[in-house]
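Visitor: I am attaching a structure below and will ask some questions about it afterwards.
Taken together, the values in this text are just the output of simple stated rules run on the coordinates, not laboratory data. Just so it is clear, the structure is predicted and the values come from calculations on it, not from any experiment. Cβ: placed from backbone, ideal geometry, glycine included. Neighbour counts: every protein chain shown.
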């Protein structure tokens, strides 16, 4: 039987990927971030997952405003790395797990989560940066990856409460998969940041600390946050943190906090990293 | 029931909602077209002519040609899309962020290094909501 062995919340700032790709991750600006994320790489290596379900948002690369699925699941065997306007990131191609992905599609839809199905799609920094942060620079990714995209580009995104319930449904579906697989779930994006308008650069460390604590001890409380509360208190793009709640829902009730790291700034944002284990 | 737009009370913030999506669609699809290297080349060769390929309003064309980053948001631009013009120009997210809030690049960078733009009563609310949600 498949089971969820860990959850990772991780920012997906493109500049983090660029620092690795350009070899500047050791400079004074980036060294504190990459040093601070090292324990997460060690933890994940010890966990030895077979598959990751990676919850993220596409940034006008695989998807555009033409069609905007709220939840989309990638069922392909391979996902090419997207050219986001300056060439694809020099990272390994991403291999999927079609059998588990289709199992998720079937179970989630019958469980009333109406997933859009993607048989072909490129993956952008939203997916590859969290992989780079948690796996490092590797010749190939150490596990299969099932991309799950959430719309956070066109308002309104799904609510945090809805994302949390999706996570719970993912857990039910994974536990019914007959093969013996170790599964980790990523929730990406955040933490507080605002990329637009006169308020660009907004960072709220108090909110982020509250959110990190809530992710560990009281995610139900976080599911009550409204979209306006996210945007007001964590910046307009801080709303990406609803995707963290999808990961948290997949971990079940109590969790153990294996590692936490918080850093300001990574480009325009506050970065968070949280490693959780179900108990 | 109409969806609440209480987020309009957040200062300096342009939520890409139904209202903006309705007017900004073609502007953002123009930006999306710049993912293609051939289109980037065509745009650079003659910006005004390239913009004719898209049904934009005169105002939308003007803000693009003038690189009025804040103005783009006001006529339906979505930052994840308008940033593609900046990438085409060789600018970074931080360059554009500084220009949107009217800060020199260096000053903006210093603010981020010092922990970012911290919350203040003035940047949390315009004070326009009669029923501002409780923290």
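Visitor: Looking at segment A:141-155 only, could you name the residues that are under 13 Å from the mean Cα position of the chain (by Cα) and either free of Cβ contacts under 8 Å to residues at least 60 places away in the same chain or part of a strand (DSSP E or B) (or both)?
Guide: A:145, A:146, A:147, A:148, A:149, A:150
Visitor: Need a quick list: helices (runs of 4 or more DSSP H) entirely within segment B:1-111 having at least 3 residues that are surrounded by 19 or more Cβ atoms within 10 Å (Cβ to Cβ).
Guide: Of the helices (runs of 4 or more DSSP H) lying wholly inside segment B:1-111, those with at least 3 residues that are surrounded by 19 or more Cβ atoms within 10 Å (Cβ to Cβ) span B:18-33, B:58-65, B:69-74, B:79-89, B:93-100.
Visitor: Please enumerate the residues belonging to segment A:85-109 that are within 14 Å of another protein chain (Cβ to nearest Cβ) and surrounded by fewer than 19 Cβ atoms within 10 Å (Cβ to Cβ).
Guide: The answer is A:86, A:87, A:88.
Visitor: Additional query: Among (1) surrounded by fewer than 21 Cβ atoms within 10 Å (Cβ to Cβ); (2) more than 14 Å from chain B (Cβ to nearest Cβ), there is one condition residue A:247 misses while meeting the rest; what is its number?
Guide: (1)
Visitor: Has segment A:63-78 got any residue that is in a helix (DSSP H, G or I), under 17 Å from the mean Cα position of the chain (by Cα) and in contact (Cβ under 8 Å) with a residue 24 or more places away in the chain?
Guide: Scanning segment A:63-78, I find no residue that is in a helix (DSSP H, G or I), under 17 Å from the mean Cα position of the chain (by Cα) and in contact (Cβ under 8 Å) with a residue 24 or more places away in the chain, so the answer is no.
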